[in-house]
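Trainee: Mind having a look at this structure? Questions to follow.
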């Protein structure tokens, strides 16, 4: 990627730190750097990452996410010079800032945000998700069936990446022979340092995915089918059909929000239970603990680790004055590990309560897919513990994402297990 | 016992529903629309846990 945001000057009086997110190349490194920063100052300025404030305590992360009036998500509020000097609108949720496909409603602020948020809120409410539950159960069963007689698989490819991909892409109405490539495009893109040769290769695949979305949106605006892409592409807002640009933005959002996020936390949970057999044992013996365990896995391993915003008016946060046009990086992962909010924050407490983690964010942009994510995660966890309870990770083949800036996870996690029987 | 909902703070996390399925009610968009004058004594535990679980601090418990 070639776009770099314009570094701002350090604000007067701000605590200045070195905090280059692109060096967070393992979870352990990233988490220890966040802990160090949080204990030093919950609000800091860093010239790294394009020049930005970094917010790391639970309380201030929550405050910043809720203050949409001061800290905006819309790319219209910050531009960088693009090719030929023309303004290049930045998606400022992205960390680091980069120009990618438009995401609706994540990149809208009220009042424009409201009708688009309603669309997703209703589709993905707890009641809405109930309608998808049979498909979630089917795909978890089917994908485990596919490998269960062999005694070996990559649990990421088979299950944690495969299932969210199938559920979301089937709902969107994409052809099954494209699911693997589409899922991989998002899975691989999340994992690499922007600007690296590997990332550039995956960027091309991601461009292909976004082009496929444009083609499908064009097709179903002409001739709607009975699927989510058709619904989103033709949705009525304020009495008329939404624009092609916003229709595409909503499908971009559904696909990229859906296919490689639950992957991250579910993979982390299976890796965690390999290294902590006592957690796996308790969940097998006391399956009623699965719901609270899910919240604790989310707290320990939030998929989205950071989000960006832009300051639209001078605003005080944590005793410092954030200036108009400054960029701000808000850390979900740091908030989730803040000792002041979570006693023994580095410990996995299976029945932690209350557990008001911010893995799905807080405030108006709370992840609207959170209920679907929980449903998919729970079904995967439940069936793995029932059907391949003795799985063991092939440790020498386990691979983390090589970068934990905005999303964390495991690229591959091969497992072996006692073969079982198919259910379908 | 009453549960007060500060609607402007609710963001649809639905953690109240997870802890208190017999106390809390969500609307079609998944936001809290609970309207209970009196939480029956046998549901007090659900109500308390539901209030504590809210990551937006949108709920308040008023004990009799």
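No value in this document is a laboratory result; all are computed from the given coordinates. This is a predicted model, so every value here is computed, not measured. Backbone-built Cβ (ideal geometry, glycine too); neighbour counts: all protein chains shown.
Trainee: How far apart, in nm, are the 7 Å Cα→Cβ label points at residue A:218 and residue B:60?
Mentor: Reported label-point gap for residue A:218 and residue B:60 is 5.5 nm.
Trainee: Which of these, A:135, A:282, A:181, has the largest mean-square fluctuation under a Gaussian network model of chain A (Cα springs below 10 Å)?
Mentor: Fluctuation is largest for A:282.
Trainee: Please give the average number of partner chain Cβ atoms lying within 10 Å of the Cβ of each residue in B:9-19, rounded to a whole number. Show your work: numbers first, answer last.
Mentor: Working: counts 3, 1, 14, 11, 8, 7, 6, 0, 2, 7, 4.
The mean count of partner-chain Cβ atoms within 10 Å per residue comes to 6.
Trainee: Can you give the FRET efficiency for residue A:226 and residue A:12, using 1/(1 + (r/R0)^6), R0 = 45 Å, r = Cβ-Cβ distance, to the nearest 0.05? Each step should come with its number before you reach the end.
Mentor: Details: r = 59 Å, r/R0 = 1.30.
Calculated value: 0.15.
Trainee: Pop the C-beta distance of residue A:23 and residue A:276 into the FRET formula with R0 = 30 Å and round what comes out to the nearest 0.05. Intermediate results must be reported in sequence, preceding the final value.
Mentor: On the way: r = 28 Å, r/R0 = 0.92.
That pair, residue A:23 with residue A:276, gives E of 0.65.
Trainee: In terms of the ratio Rg/(2.2 N^0.38 Å) built on C-alpha atoms, what value belongs to segment A:334-422?
Mentor: Ratio of Cα Rg to 2.2 N^0.38 Å: 1.35.
Trainee: Once you have the Kirkwood Rh of segment B:2-62 from its Cα pairs, apply Stokes-Einstein at 25 °C and 0.890 mPa s and quote D in µm²/s.
Mentor: Working: Rh = 11.1 Å.
Estimated via Stokes-Einstein, D reaches 222 µm²/s.
Trainee: Find the Rg to Rh ratio for segment A:236-389, where Rh is the Kirkwood radius over alpha-carbon pairs and Rg uses the same atoms.
Mentor: Values: Rg = 18.7 Å, Rh = 17.8 Å.
Rounded to two decimals, Rg/Rh equals 1.06.
Trainee: If you don't mind, another one. Among DSSP beta bridges lying fully in the protein assembly as shown, give the percent that are antiparallel, nearest 5.
Mentor: Numbers: 32 of 37 bridges.
Antiparallel bridges: around 85 percent, rounded to the nearest 5.
Trainee: In the calculated pair distance distribution of segment A:115-160, what percentage of Cα-Cα distances lie above 15 Å? Let's see the in-between values first.
Mentor: Details: 594 of 1035 pairs.
Above the 15 Å cut-off, segment A:115-160 has 57 percent of its Cα pairs.
Trainee: Points 7 angstrom from Cα along the Cβ direction at residue A:394 and residue B:44: gap in nanometres?
Mentor: Spacing of the two 7 Å Cα→Cβ label points: 5.7 nm.
Trainee: Give me a single rounded figure for A:122-130: the average over its residues of other chain Cβ atoms within 10 Å of their Cβ.
Mentor: Values: counts 4, 2, 3, 8, 6, 6, 3, 2, 0.
Per residue, the number of nearby Cβ atoms from other chains is 4 on average.
Trainee: Next up: Please report the relative contact order for segment A:213-263, taking Cα pairs under 8 Å with a sequence separation of at least 6, and give it as a percent rounded to a whole number. Walk me through the intermediate numbers first.
Mentor: Numbers: 38 pairs, mean separation 16.3, N = 51.
Averaging sequence separation for qualifying contacts and normalising by length gives 32 percent for segment A:213-263.
Trainee: Once the convex hull of the alpha carbons of segment A:294-380 is built, what does its volume come to per residue, in cubic angstrom? Kindly include the intermediate steps, with their values, before the conclusion.
Mentor: Numbers: hull volume 9.4 nm³, N = 87.
Measuring per residue, one finds 108 Å³ for the Cα hull of segment A:294-380.
Trainee: Sticking with this structure for a sec: Fewest first, what order do A:324, A:33 take by the number of other Cβ atoms within 10 Å? Let's see the in-between values first.
Mentor: Details: A:324 12, A:33 18.
By the 10 Å Cβ count, ascending: A:324, A:33.
Trainee: Add -39500 (n - 2.57) for each DSSP H run of 4 or more in chain A, then divide by its residues: what number comes out at 222 nm, to the nearest 500 deg cm²/dmol?
Mentor: Details: 14 runs with 185 residues, N = 424.
Rounded to the nearest 500, it is -14000 deg cm²/dmol.
Trainee: Which semi-axis lengths, in whole Å and largest first, follow from the square roots of five times the eigenvalues of the Cα gyration tensor of chain A? Walk me through the numbers on the way to the answer.
Mentor: Details: eigenvalues 214, 152, 77 Å².
Output for chain A: semi-axes of 33, 28, 20 Å.
Trainee: Further question: Nearest 0.05, what FRET efficiency do residue A:321 and residue A:245 give at R0 = 51 Å with Cβ-Cβ as r? Intermediate values should be presented prior to the final figure.
Mentor: Details: r = 36 Å, r/R0 = 0.70.
For R0 = 51 Å, the calculated efficiency reads 0.90.
Trainee: If the chain between residue A:36 and residue A:423 were fully stretched, how many nm would it gain, using 0.36 nm times the residue separation less the Cα-Cα distance? Mind showing how you got there, number by number?
Mentor: Values: separation 387, 0.36 × 387 = 139.32 nm, distance 4.82 nm.
Between residue A:36 and residue A:423, full extension yields 134.5 nm more.
Trainee: As a footprinting exposure proxy, order A:208, A:113 by other Cβ within 10 Å, with the fewest listed first. Please list the in-between numbers first.
Mentor: Working: A:208 13, A:113 19.
By the 10 Å Cβ count, ascending, the order reads A:208, A:113.
Trainee: Evaluate the relative contact order of segment A:235-313 (contact order divided by residue number), counting alpha-carbon pairs under 8 angstrom at least 6 apart; express in whole percent. Mind dumping the intermediate values first?
Mentor: Numbers: 23 pairs, mean separation 24.7, N = 79.
Relative contact order here is 31 percent.
Trainee: Based on other C-beta atoms within 10 Å, arrange A:137, A:222, B:56 from fewest to most. All intermediate terms of the calculation are to be shown ahead of the outcome.
Mentor: On the way: A:137 15, A:222 8, B:56 21.
Arranged by neighbour count, lowest to highest, A:137, A:222, B:56 become A:222, A:137, B:56.
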